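Worksheet: the structure to be examined is printed underneath.
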Amino acid sequence: GNNGTFTVASITTSVITVVETVNDEVSISLDFATVDDLIWDLADEANANGLAGYTDWRIPNIGELLGIVDFGQNNPCINTTVFPSTPLTSYWVSTSVASAPTIRAWSIDFSVGRIEFFLKNSYKHPIRLVRN
């Protein structure tokens, strides 16, 4: 029943508060500044607090997120009926760059469907939490 956009009202060390009610959604997109291991802390907090009533949230790997890229679309390269509020930006994935796993991670740019990598602690990208 939601248009795909959810507002995080607050994040503390123990609670994530979402303004909208989430019904029958399989993924949620949250923007945040990546600092050290915050990306993993956010997924842990989502599960610890039963975000949208679920405790099996995780950050998708590169293959999973690449699986929703629609190369027949552009700006964004995604099915906008299923994912109507996807920003034209890169999304972090849980897959680190093999040559520098402690400092670099892969991301997928949904504006053009490009796979790229960035320094983990230097770039702000949204994540799309998925459920098992």
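The values are calculated or read from the model by the stated rules, or taken from the named source; none is laboratory data. None of these values were measured; they are calculated from a predicted model. No Cβ is skipped: glycine too gets one built from the backbone with ideal geometry, and neighbour counts run over all protein chains shown. Protein only, heavy atoms only, side chains kept; ligands, DNA and RNA dropped before computing areas. Shrake-Rupley method; radii C 1.70, N 1.55, O 1.52, S 1.80 Å.
Would you mind finding the one in Ile115, Ile108, Ile103 that is open to solvent by less than 10 Å² (accessible area, probe 1.4 Å) and among the aliphatic types (A, V, I, L, M)?
Ile108
So which residues in the stretch 56-100 are in contact with a strand residue (DSSP E or B) (Cβ under 9 Å, 6 or more places away or on another chain), of a type in the set (Val, Ile, Thr) and surrounded by fewer than 16 Cβ atoms within 10 Å (Cβ to Cβ)?
Hits for the stretch 56-100 are Thr89, Val97.
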